[in-house]
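Asks: Encoded as structure tokens, here's the structure I'll be asking about.
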Ligand SMILES: C[S@@+](CC[C@H](N)C(=O)[O-])C[C@H]1O[C@@H](n2cnc3c(N)ncnc32)[C@H](O)[C@@H]1O
């Protein structure tokens, strides 16, 4: 079955919105559901990408500020938020948010700060800008094999090239639920509720899954460095691995998994 991708532009921002946000948005909805009701609450979304979560929060009547270090990401968020009168977007670095302390009811970083080795600085900043007894919401891939399309690619790559890395070890921090909880409490949260959430991911077209993912996967150094023959072998093995998740109608449904965290700011 084929769904048409939304037209979000042909460049890297459009690519992120079509492919990256497609994987993250189901978790945005789950996180917002946990934080409801949002009516009239001031919410900052840190490392907001193309703004999928911010739009969904604005639709739920939150007063949203979408922030990202990339001016192009922010421009796309601003465009998508234009019809909401209580929403805005701005360029900010999560390690030093240019905003007053205690100015938000909820600070969110959805597949944002936890993707970076500097995430503890990001957490300190999220807590600084959240009012007392406010909330912090975070998500991140569990980093296990097959927890996302990229992690399925990492498993297949490791099987074919055990002596190489798809992406450098340590590029993404890894944690257990207990380690995450400990870090949140240590940073000053009074409670931290963490669970592993699941959402089925399907490509737009299951027979074309590998070519759809290819532009995203080319960003991985190990993949970009393959010879043409190695690339061809990998793509064949990847198609087979994806097919292992197809249902009776041939639609690929990868059960993606992410940590979902809601903490009280203390
Ligand atoms: C995986 S994307 C997540 C985007 C979006 N929240 C989502 O879930 O689809 C990570 C985002 O972090 C942003 N980013 C990277 N470094 C950053 C920094 N120092 N401060 C703020 N944003 C940053 C990137 O520009 C990118 O948009």
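Computed from the coordinates by the stated procedures, all read-outs in this text should not be read as laboratory data. Everything numeric here is computed off the predicted structure, so don't read it as measured data. Cβ: placed from backbone, ideal geometry, glycine included. Neighbour counts: every protein chain shown.
Asks: So how much slack lies between residue 131 and residue 174, counting 0.36 nm per residue of separation and subtracting their Cα-Cα distance, in nm?
Replies: Length gained between residue 131 and residue 174: 12.6 nm.
Asks: Given the Cα-Cα distance of residue 232 and residue 186 and 0.36 nm per residue of separation, how much length would full extension add, in nm?
Replies: 11.8 nm
Asks: Moving to a separate point now. Order these by the 10 Å Cβ neighbour count, fewest first: 153, 92, 216.
Replies: So the residues, fewest neighbours to most, are 216, 92, 153.
Asks: Nearest 10 degrees is fine. How inclined is helix 177-187 to the longest principal axis of the chain, computing both from alpha carbons?
Replies: For 177-187 against the chain, the angle is about 30 degrees.
Asks: Quote the FRET efficiency, to the nearest 0.05, computed for residue 100 versus residue 195 with a Förster distance R0 of 35 Å and r equal to the Cβ-Cβ distance.
Replies: It comes to 0.65.
Asks: Multiply the residue gap between residue 72 and residue 145 by 0.36 nm, knock off their C-alpha separation, and tell me the result in nm, one decimal place.
Replies: In short, 23.2 nm is gained.
Asks: Now for a separate question. Would you mind getting the Kirkwood hydrodynamic radius of the chain from its Cα pairs, rounded to one decimal in Å?
Replies: 19.2
Asks: Treating the angle as unsigned and between 0 and 90°, give the value, to the nearest 10°, between the Cα long axis of helix 228-243 and the longest Cα principal axis of the chain.
Replies: 70
Asks: Suppose only helical runs count, i.e. DSSP H with n ≥ 4. What mean residue ellipticity at 222 nm does that imply for the chain under -39500 (n - 2.57) per run, divided by all residues and rounded to the nearest 500 deg cm²/dmol?
Replies: Value at 222 nm, helices only: -11000 deg cm²/dmol.
Asks: Let me ask another. Pop a pseudo-label 7 angstrom from the Cα along the beta-carbon direction at both residue 214 and residue 253 and give the gap in nm to one decimal.
Replies: 2.8
Asks: Treating the angle as unsigned and between 0 and 90°, give the value, to the nearest 10°, between the Cα long axis of helix 119-129 and the longest Cα principal axis of the chain.
Replies: 30
Asks: Could you give the distance between the Cα centres of the range 208-265 and the range 167-203, to the whole Å?
Replies: 22
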